[in-house]
Amino acid sequence: MHEQPRPATPDTGLRLIRLALAFIVGVLAVTTVAAGLAEVADAAPPPLSLTATPNPVTIPHGQTTGAYDLKWSTGSNLPAEFTYSINGSPESLRLAQTPADSAGPFAINIGETWTWRLYTKGLKRPLRTVTITTRRPDQSCLGTCIKDVKVTPHGTFAGFQVIATAKLATFELTANKPGQPVASAMIGVNTSTWNTQLLTLEPGTAYDYTLKVRDESGNAQVRTGTFTTLKRQVTVTFDSVTVTDDSDDLSEGDLAFWFGVNGSWTNGPEFSGGVDSGDTVNPGYSNTVVGAPDAMKLGIYGWDDDCDFFDGLCSSGIGPGGSTGGSSGEADWATATTTANTMVSGPGENFVAPFSLSTSAYALKFAGTGTITVTYI
């Protein structure tokens, strides 16, 4: 457009005449681009549209005037014609425009309403209409703009729901151990209800949080609080032990097993009748650790008692604590170990995972399987 409409003033009539003349010049300019139009006559035009950006126009406090741009398509290769009205006034004279697709910026005063109507030559009804309004940016945070904060602690993260009275608020949320640097942070924009999560937190740990909400005008309100993440609980279940070599050539092994969880060993059930090479037993042993670390060492200690007489003079399974494996005239023993990762950070922190472990370096050989179940309490 060759001259842009401006806000209503006492000389509105004179401005409309000037605009009309400018658009008439635009119509005459169509003849200078006729050749170019012929080249693109066969091209499919964009869909019919008329939009204003931004709309509404936000005018900061202390200012009286803002601006917007128009963008349009007639849905054909015909040039556009326009009228506009201000605050419900009668439509302006029909304003012609060369086949451009955008114009601006156009000024608009606070409190004004502009309505543009898109035509093509000869049409009595507009193809499209757009109405542009104005608004002031929100200043809710000059008062109390944080309505509610709900914190839901988990093990390695915490869920937050923040409700603000500000219409288009921005959020800054941080958490830290008391007296320590920031451990987790999130930013939210352009909303009044914000659901988010603070990630990469440590289980069973107290945190301070700081929430800062800003309104559109930049005013801020701050709220602080505390929360404590849940403790990690890990249940270790030993499902099976398969003996690949019972260390006895001519008989079944007189076997006993101990089960280790996070450095603590417990004697499992005895298997009467012996366990032969190739046999699988199901110990049905489990242990639950509250406050478990990110990684836990698991183990199975096996003992084959080879004492055949004077049992009272023999040591029958002394249990773990000495060497990890070996043989003597009274017994064969071996230890299988593995490390289980119990740490999954974020919403997938609760899980069940298998583990396996086996021996190979000693006369007594076996392999075990089991599962770890990680929850937070």
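Data overview
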| read-out | value |
| --- | --- |
| Segments 277-287, 230-240 sorted - mean Cβ within 10 Å per residue, highest first | 230-240, 277-287 |
| Difference of contour (0.36 nm per residue) and Cα-Cα distance, R223 to R94 | 40.8 nm |
| When each of K150/K231; K177/K297; K71/K167; K147/K177 is checked by Cα-Cα distance, pairs over 22 Å | K177/K297; K71/K167; K147/K177 |
| FRET efficiency for Q180 and T133, using Cβ-Cβ distance with R0 set to 45 Å, rounded to 0.05 | 0.40 |
| All Cα pairs of segment 140-228, percent lying beyond 23 Å | 21 percent |
| Footprinting exposure proxy for F366, F157 (fewest neighbouring C-beta atoms within 10 Å first) | F157, F366 |
| Estimated FRET transfer efficiency when R0 is 25 angstrom, pair S286-V344 (beta carbons, to 0.05) | 0.75 |
| In nm, spacing of pseudo-spin labels at K231 and V189 (7 Å Cα→C-beta vector) | 4.2 nm |
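Read-outs throughout are calculated quantities, based only on the coordinates presented, and are distinct from any laboratory measurement. What you are looking at is a predicted structure, and each value in this text was computed from that prediction instead of being measured. Because the Cβ atoms are built from the backbone with ideal geometry, glycine has one as well, and the counts that use them run over all protein chains shown.
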